[in-house]
Amino acid sequence: MAERIEQRLEDRIPELEQLERVGLFTRKEIRAVLRKASALEYKIQRRALRKEDFINYIQYEVNLLELIKKRRARTGYSFKKDEIEHSILHRVHSLFNRATGKWKDDVQLWLSHVAFCKQWNAKHQLSKVFSTMLAIHSNKPALWIMAAKWEMETRLSSESARHLFLRALRFHPECPKLYQEYFRMELMHAEKQRKEKKEFEQAKMDLGEFNYSEEILNGEMARIVYRDASQKIKGVEFQLAVLSIAKLFDFTQDLQKEILESLQARYADDPLTWDYMARRELELGSLQPTENTTKQKKVSEMAQNEERCCAVFDEAVRAVPTEDMWKCYITFCLERYNRKTNSKELKQKRLERTLSVFSKAHESSLLSEALYKQWLQLLLDSNLSEKAVEVAEAATKNFSQSVETWQMRLQVLIQLKRDDVTQCFEEAIKHVKSKGTLPLWTLWVEWSEGTNSKEDTEALYQRSLHATTPAESVTVKEMYLDWTYRNCGYKKVKRLFTSLCENRPFSLDFFMKMIQIEKEQESCKMLHLREYYERALREFGSTNIDLWMDYIKEELSHPQGKPENCGSIHWRAMKMLQGDLVEDFVSKYTLLQTGHL
């Protein structure tokens, strides 16, 4: 092994001598490079190889290349690249090849090699990398697409890109993304040929052996790809994706028409088809010439375009009366309403249209829970509070088991300061199952704290403790403890704490809150703190290091503390803590003893 490493280091000497000779590196720096290279070489020649060692070696070589590049830029010396950079580049490629050969499944390693080749313009090497990578990772469409794009955009070889796509489709015959990118590539190829032909014609050059097929120029290859794909891949999403790609090219009108006709024929009952057809009216309106038009006329044209869209949507909800179809319609209306405009008239028209569509969807009983929430928000933003109350009530009738819907209705009532808030809370608790009602109880007690008397709020807290599940009652206990301290004082909160401790479960914050309350008292008693810490440790002592450390610190720092207790607390912690926590506790305790914590 040592002989092999010495040989590799000797192979470096010519490039290092050149670096010193041309003044890019000093002799001291050359020695440092040799020392570092020797250490890195030994690591990658071990019997038990580690991926990190290869990555570190590659990173060092890349940093060296970057440093040489900066030194060249600073000194203006641009010669001897074959003897210096090319030698390092060859070594990096060799390291990458060894690493990817050893860890074939690591895609990120392959992609790092690809990125390095692109950065240093190593086209020939990159071609080899892609070839090897795709032979191993043929099950990843994204890698095929990356390779084909590079062939098309960097090497300008549409033939190679086409060959890669066809190979990829043999492995992934039903991959939508592959077909989309193949379709795009064929259109780019057609556009490239059209530009070439136009330049030849403008220069009045004899085309000679260049034979430009009219079919290819008109995107016939892309049409073949589309037809093949549409037989294998079902779904309107693919059709729309291909159509959006075709619209990027100005010679694809016939192709767009074919895709559109196929879309309407095969997916007439799909909401996305209608959504596209409706939004298309906006695009068609924007294509009309708008020269010498006033702002008022532009607003009028925009309103007319939107009306045409809504006419299509109205037809759509009659033809396909589903929740998804109404969602598309409402989403469109909300998008138009949220668009900025200086015209108050247009803004008002958009608002009225949106509210009208919400109402129609509600009357059809095809409004989802999420859309009810958006409707309510729109009504509140528009100061239509009475209508908001009606809509909130309707939402809870349709989704009577939903905690979120009741919460939404209650928030509306609270925001509007209505008198029937308590009645609504009672109705909500009656309809919703006990599990998952915590948000309702939390909202109720928070509202009660600012509205009702102390007695009513306390009674509500007691009621919520019994109504919620044990896991949910943990949060209520924390809130109850905090409210009692703020409103009833220390003695009451201490009695409450003792009472609440009779029923598990607890949270750590519940105990820490009580410890904090005790510390805030003028006559803070260590006896009480010990009680609270001991209670907390019974529940969380096996999993929480900080709790033990806080207890020890309290004994050391409190005026009534007993430092001699720290030893027994330490011993108990060692017995109770689980797994690796013991080691972490020992480290922290040692730091505390030495005054570093």
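The values are calculated or read from the model by the stated rules, or taken from the named source; none is laboratory data. All figures in this text were calculated on a predicted structure; none of them were measured in a lab. FYI the Cβ positions are ideal-geometry reconstructions off the backbone, even for glycines, and counts take in every protein chain you see. Heavy atoms of the whole protein, side chains included, go into the accessibility calculation; ligands, DNA and RNA do not. Shrake-Rupley method; radii C 1.70, N 1.55, O 1.52, S 1.80 Å.
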Gain on full stretching of the segment that runs from Lys104 to Asn487 - 0.36 nm per residue minus C-alpha separation: 131.3 nm
Extension gain from Ala370 to Thr294, taking 0.36 nm per residue of separation minus the Cα-Cα distance: 23.4 nm
Net +/- balance of residues flanking Ser78 in space, Cβ distance below 14 Å, scoring K and R +1, D and E -1: +4
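I'd like the projected area of the range 205-260, averaged over all directions, using the convex hull of its alpha carbons. Report it in nm² with one decimal.
With every direction weighted equally, the projected area is 4.7 nm².
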Positive minus negative residues near Glu478 (Lys, Arg vs Asp, Glu; Cβ under 12 Å): -1
Lysines with Cα under 16 Å of Lys347, excluding same-chain neighbours fewer than 8 positions away: Lys295, Lys297, Lys298
Within the chain, longest stretch clear of exposed GluC sites (Glu not before Pro) (DSSP loop, no more than 13 other Cβ within 10 Å): 292-501
Inter-label distance for Arg46 and His466, nm, one decimal - labels placed 7 Å from Cα along Cα-to-Cβ: 6.7
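As an exercise, use a Förster radius of 30 Å and the Cβ-Cβ distance of Ala394 and Asn338 to find the FRET efficiency, rounded to the nearest 0.05.
E between Ala394 and Asn338, to the nearest 0.05, is 0.80.
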Cα extents of the range 1-103 along the three principal axes, largest first (Å): 43, 24, 19
Taking the range 1-103 and dividing mean pair separation by its residue count, relative contact order in percent (alpha carbons under 8 Å, at least six apart): 33
Total charge dipole magnitude, the chain, about the Cα centre, Cβ charges on Lys, Arg, Asp, Glu only, Debye to nearest 20: 1840
The chain - Rg and Dmax from Cα coordinates, angstrom: 36.6, 104
Cα convex hull volume per residue for the range 182-333 (Å³): 125
Residue-wise HN-Hα coupling along the range 583-595, computed from phi with Karplus coefficients 6.51, -1.76, 1.60 (Hz; x: Gly, Pro): 4, 5, 5, 4, 4, 5, 5, 5, 4, 5, 5, 8, x
Residues in the range 394-418 reached by a label modelled at Thr451 [backbone nitrogen below 14 Å; 7 Å Cα→Cβ]: 407-418
Extreme residue, positive dipole direction of the chain, given options Gly235, Val33, Ser557 (C-beta unit charges): Val33
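Report the full-extension gain for the segment Lys234 to Glu502: residue separation times 0.36 nm, less the Cα-Cα distance, to one decimal in nm. Numbers along the way, then the final one.
Values: separation 268, 0.36 × 268 = 96.48 nm, distance 6.12 nm.
Here the segment from Lys234 to Glu502 would lengthen by 90.4 nm.
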The chain, relative contact order in percent, only Cα pairs under 8 angstrom and at least six apart counted: 4
Cross-link pairs Lys123/Lys197; Lys51/Lys104; Lys435/Lys477; Lys70/Lys149; Lys373/Lys397 - those with Cα-Cα distance over 20 Å: Lys123/Lys197; Lys70/Lys149
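Considering only protein heavy atoms, what per residue accessible area in square angstrom results for the chain with a 1.4 angstrom probe?
Numbers: 33250 Å² over 597 residues.
Counting only protein heavy atoms, the per-residue value for the chain is 56 Å².
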